[in-house]
């Protein structure tokens, strides 16, 4: 059980801890739309974290990822994070050679 917040000075509200995340890391972006995660009916969330010095663009529906295009979400450089709660395939586009850390659970 993980504490969320104190319900009162004498008690603590709790919730069941979520299952472990499986860590994936895209070692090198290709500079074109690429698969980030396959569709997964058991996925509860995907957390995408951008530590690189360039933006990433993500298509949360699994379609072709494109820069600054409707239906795509930007993950800002230097620490931007995107949390998705869907079971779709996820695609992305990043500058060639830039990494994206992906957690799925």
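Collect the residues in the stretch 50-60 that are within 13 Å of the chain's Cα centre (by Cα) and surrounded by fewer than 18 Cβ atoms within 10 Å (Cβ to Cβ), keeping them in residue-number order.
First, pick out the residues of the stretch 50-60 that are within 13 Å of the chain's Cα centre (by Cα): 50-51, 56-60.
Within the stretch 50-60, just 51 meets the criteria.
Scan the stretch 8-22 and give yes if some residue there is closer than 14 Å to residue 102 by Cβ and either modelled with pLDDT of 90 or more or not in a loop (DSSP other than H, G, I, E, B) (or both), otherwise no.
Step one: of the stretch 8-22, the residues closer than 14 Å to residue 102 by Cβ are 21-22.
From what's left, either modelled with pLDDT of 90 or more or not in a loop (DSSP other than H, G, I, E, B) (or both): 22.
Checked the stretch 8-22: at least one residue is closer than 14 Å to residue 102 by Cβ and either modelled with pLDDT of 90 or more or not in a loop (DSSP other than H, G, I, E, B) (or both).
List the residue pairs whose Cβ atoms are under 7 Å apart, where the first residue sits in the stretch 32-46 and is in contact (Cβ under 8 Å) with a residue 40 or more places away in the chain, the second is in a strand (DSSP E or B) and surrounded by fewer than 11 Cβ atoms within 10 Å (Cβ to Cβ), and the two are 6 or more positions apart or on different chains.
Note: pairs meeting the criteria are 45/83.
Suppose we filter the stretch 64-75 for residues that are part of a loop (DSSP other than H, G, I, E, B) and surrounded by 15 or more Cβ atoms within 10 Å (Cβ to Cβ); how many remain? Can you show your working first?
Of the residues in the stretch 64-75, the ones part of a loop (DSSP other than H, G, I, E, B) are 64-72.
Narrowing further to those that are surrounded by 15 or more Cβ atoms within 10 Å (Cβ to Cβ): 65-66, 72.
Looking only at that region, the number is 3.
How many residues does the stretch 41-58 contain that are closer than 15 Å to residue 83 by Cα, at pLDDT 95 or above and part of a loop (DSSP other than H, G, I, E, B)?
So the count comes out to 0.
Can you tell me how many residues in the stretch 23-40 are part of a loop (DSSP other than H, G, I, E, B) and either modelled with pLDDT under 75 or closer than 13 Å to residue 84 by Cβ (or both)?
Let us first name the residues in the stretch 23-40 that are part of a loop (DSSP other than H, G, I, E, B), namely 27-33, 38-40.
Checking the rest, the ones that are also either modelled with pLDDT under 75 or closer than 13 Å to residue 84 by Cβ (or both) come to 27-28, 39-40.
Total satisfying the criteria: 4.
Sort out which residues of the stretch 76-102 are surrounded by fewer than 17 Cβ atoms within 10 Å (Cβ to Cβ), part of a strand (DSSP E or B) and modelled with pLDDT under 95, and write them in order of number.
The answer is 101, and nothing else.
The values are calculated or read from the model by the stated rules, or taken from the named source; none is laboratory data. Bear in mind that the values here come from a model prediction, so they are computed numbers and not experimental data. So basically every Cβ, Gly included, is an ideal-geometry build from the backbone, and we count neighbours across all protein chains shown.
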